[in-house]
1. Failed condition for residue 98, given (1) in a loop (DSSP other than H, G, I, E, B); (2) among the aliphatic types (A, V, I, L, M); (3) at pLDDT 60 or above; (4) touching a helix residue (DSSP H, G or I) at 6+ places or on another chain (Cβ under 8 Å), with all others met?
2. Quick check: is even one residue across the range 80-90 modelled with pLDDT of 80 or more and in contact with a helix residue (DSSP H, G or I) (Cβ under 9 Å, 6 or more places away or on another chain)?
3. Among what's in the range 40-50 and is closer than 20 Å to residue 5 by Cβ and in contact (Cβ under 8 Å) with a residue 24 or more places away in the chain, pick the residue that is surrounded by the most Cβ atoms within 10 Å (Cβ to Cβ).
4. Scanning for something under 24 Å from residue 57 (Cα atoms) and of a type in the set (Asp, Glu), does the range 15-37 turn up at least one residue?
Amino acid sequence: MTYDALKPYLAAFVRHLLTVAAGVLAAHGYMNSSGVEQFVGFGMTCAGLAWSWWQKSGHAAVAADIANLRAILAARAAAARAGTSAPALPPLQPGGTVPVPPQAVPSTSKAG
């Protein structure tokens, strides 16, 4: 799914949120009025970097983790329906990803 059609609207929304936040900070004396443009510019830069990461790898990593969790939960549900003890959820791997149990991974080898 591409979010190209939403980019201008999301950018405007983030810019307005940052402007409001800068106004609140300036009104309470945490920032002078000349720093508002810099604050909004820095926020838009951070938002642009986050958006770029999400498009390049973030959504793929999240989708892979969700698929892994669905496979684990499906295996647990199948074990519960069969009346056997369900395997415990495995601990997270160092990268923060959940390993897929072997019984939930479809075979990629061709019989023949």
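The values are calculated or read from the model by the stated rules, or taken from the named source; none is laboratory data. This one's a predicted model, so the numbers in the text were calculated from it and none came from an experiment. Every residue, glycine among them, receives a Cβ derived from its backbone with ideal geometry; neighbour counts consider all protein chains shown.
1. For residue 98, the failing item is (3).
2. no
3. 47
4. The answer is no, given that none of the residues of the range 15-37 is under 24 Å from residue 57 (Cα atoms) and of a type in the set (Asp, Glu).
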